[in-house]
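For reference, the structure discussed in these notes is given below.
Each value in this text was obtained by applying a stated rule to the coordinates, not by laboratory testing. No experiment lies behind these values; they were computed from the predicted model shown. Don't worry about glycine lacking a Cβ; one is built from the backbone with ideal geometry, like all the others, and counts go over all protein chains shown.
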Amino acid sequence: MLIELRDINFEYEDSVALKDITLSVEKGECIGLEGDNGSGKSTLLKLLNGLVFQSSGTYLFNGTKIDGKVLQDERFSKAFHQRIGYIFQNPDTQLFCGSVREEVEFGPRQMGLSEEEIRKRADDVIAMIGLEKLEERPPYHLSGGEKKKTAIACVLSMNPEILMIDEPMSGLDRKTREWMLGFLKAWKKAGKTLIIVTHDEKLLTEIADRVVTIGEDHRIV
Ligand SMILES: Nc1ncnc2c1ncn2[C@@H]1O[C@H](COP(=O)(O)OP(=O)(O)OP(=O)(O)O)[C@@H](O)[C@H]1O
Ligand SMILES: [Mg+2]
């Protein structure tokens, strides 16, 4: 099993966000996560990405227990973060470089690749996502949809195995929604694992192998 959550609980200082979450994800599966605003979907993605840690319960990634301690190991942490591509609900919070190209090159540079390989990966991803015209633009001057595409390009440049994407369709026009659907379908067709948080019924029916609903009590329904 790729991902296994057993009886996970998580609370922010003053509020419960995840209650007794048990969930398994196999390699190559596409999971749709839905639920009311505030039910805990984004928190669950943060936890899966090791940005917050359970107060109780177990998270196994490929058989390894994920907690604050194991992620203090820099080598493990780097490899773990490289394997999971995570697109935040609000891409503003994940873009910080001076230009789209720098942004896309940031991950591969962190991975310690050669300058030649970094350039090649950025070229490939920029062409694949269609960001050529925006390469030199500062990400904070882009539109919402362009920012989302840039965030996707950044994640893809690290060649992850798993993609976790929070509200991929929100704020996108029809054309960009169609592009996004095509992109996600191609990802799935390549046999790669996908976890999508969305309120979009059409997207869930078209792509999810399994839909998981989180209720307002923060438990899986
Ligand atoms: N940084 C934070 N500090 C404190 N409480 C938080 C924080 N982030 C989220 N919460 C609370 O945790 C609960 C779950 O929030 P979360 O963002 O996971 O919900 P969500 O299902 O993604 O909602 P939405 O559909 O609106 O994006 C909510 O009650 C929210 O108010
Ligand atoms: Mg959310």
- Sort the range 114-191 into rounded, prolate or oblate with this rule: let a ≥ b ≥ c be the square roots of the eigenvalues of the Cα gyration tensor; rounded if a/c is under 1.5, and if a/c is not under 1.5, prolate when a/b is larger than b/c, oblate otherwise. oblate
- Which ³J(HN,Hα) values in Hz, rounded to whole numbers, follow from the phi angles of the range 67-82 under the Karplus curve 6.51 cos²θ - 1.76 cosθ + 1.60, where θ = phi - 60° and Gly and Pro get x? 8, x, 5, 5, 7, 6, 6, 4, 5, 5, 4, 4, 5, 4, 5, 6
- Can you list the aspartates and glutamates whose alpha carbon sits under 17 Å from that of Lys19, skipping same-chain ones fewer than 8 residues off? Glu4, Asp7, Glu11, Glu34, Asp36, Glu216, Asp217
- Query: Tell me, which longest segment in the chain has none of the chymotrypsin sites (Phe, Trp or Tyr not before Pro) that fall in DSSP loops with at most 12 further Cβ atoms within 10 Å?
  - Reply: 97-221
- Message: Given points 7 Å out from each Cα along the Cα-Cβ axis, report the Ala186 to Glu115 separation in nanometres with one decimal.
- Response: 3.0 nm
- Message: For a test of the definition: using alpha carbon positions, the gyration tensor, and the 1.5 limit on a/c, classify the range 74-122 as rounded, prolate or oblate.
- Response: oblate
- Message: No solvent, one uniform scatterer per C-alpha: report log10 I(q)/I(0) for the chain via the Debye equation at q = 0.09, 0.13, 0.14, 0.17 1/Å, two decimals.
- Response: -0.36, -0.76, -0.89, -1.29
- Message: Quick check on the range 3-214: of the DSSP beta bridges with both residues there, what percent are antiparallel, nearest 5%?
- Response: 40 percent
- Note on the structure: Whole-Hz Karplus couplings 3J(HN,Hα) for the range 151-160, θ = phi - 60° and coefficients 6.51, -1.76, 1.60, Gly and Pro as x, run 4, 5, 4, 4, 5, 5, 5, 9, 6, x
- Loop-resident trypsin sites (Lys or Arg not before Pro) in the range 1-60 with no more than 13 other Cβ atoms inside 10 Å, DSSP not H/G/I/E/B, are Lys27
- Task: Give a quick list of trypsin sites (Lys or Arg not before Pro) in the range 53-122 that DSSP marks as loop, anything other than H, G, I, E or B, with at most 14 other Cβ atoms within 10 Å.
- Result: Lys69
- Which FRET efficiency, nearest 0.05, do Glu201 and Glu132 yield, Cβ-Cβ r, R0 30 Å? 0.35
- Item | Gain upon complete extension [Asp124, Asp92; 0.36 nm per residue less C-alpha separation] | 9.2 nm
- Message: Beyond 18 Å, how much of the Cα-Cα pair distribution for the range 1-117 remains, as a whole percent?
- Response: 58 percent
- Task: Grab the other residues whose beta carbon is less than 15 angstrom from that of Leu5, score K and R as +1, D and E as -1, and report the net.
- Result: +1
